[in-house]
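Derivation of every value follows stated rules applied to the coordinates shown; laboratory data play no part. Quick caveat, the model's predicted, so the values are computed rather than measured. Cβ atoms come from the backbone with ideal geometry, glycine included; neighbour counts cover every protein chain shown.
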Amino acid sequence: MQETSTDAVVDTLSNPGDLTGLGIKISEVLQKWHGNGNRTVACFHSLTALLQYSDVQTVYKFLHVLTGRFTTADVTAHFHLDPEAHDSQTINTLKTLFDAVAEFDGNEWNVKTR
């Protein structure tokens, strides 16, 4: 059995609108962990906060680059968004970036994959 670390890394930024700083920080962590033999899982909480500080086009471009980096680094990632805080156009725009989308309809979770 392979031994793995369960230590989580949690980082925050002083300016949530600093997507460049966020991208640099994520790249640094991915580079540091590259080739360590462990599975990397990223939880991005939350896109709602990001969208409070940046417009949807800027966030979309950032996420497009970020999901590409995650794919290259074999990172499993999940992103959270409060659907009550955004219009359907914003949600539908961002959905196109992800392999699967989980939505709660009030009774159960539905997962749609592309």
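One table, with the values for the structure above:
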quantity: For the stretch 40-113, the spread of Cα positions along each principal axis, largest first, Å; calculated: 35, 27, 18
quantity: Cβ-based charge dipole, the chain, positive-most Cα from Val111, Ile91, Thr58; calculated: Thr58
quantity: Highest-MSF residue in the chain out of Asp82, Asp11, Asp55 [GNM, Cα springs under 10 Å]; calculated: Asp11
quantity: Fluctuation leader among Ser54, Ser14, Ser46 - the chain, Gaussian network, Cα springs under 10 angstrom; calculated: Ser14
quantity: As computed over the stretch 1-85, the Cα convex hull volume per residue (Å³); calculated: 107 Å³
quantity: Cβ-derived FRET efficiency at R0 41 Å, Glu103 paired with Asp55, nearest 0.05; calculated: 0.95
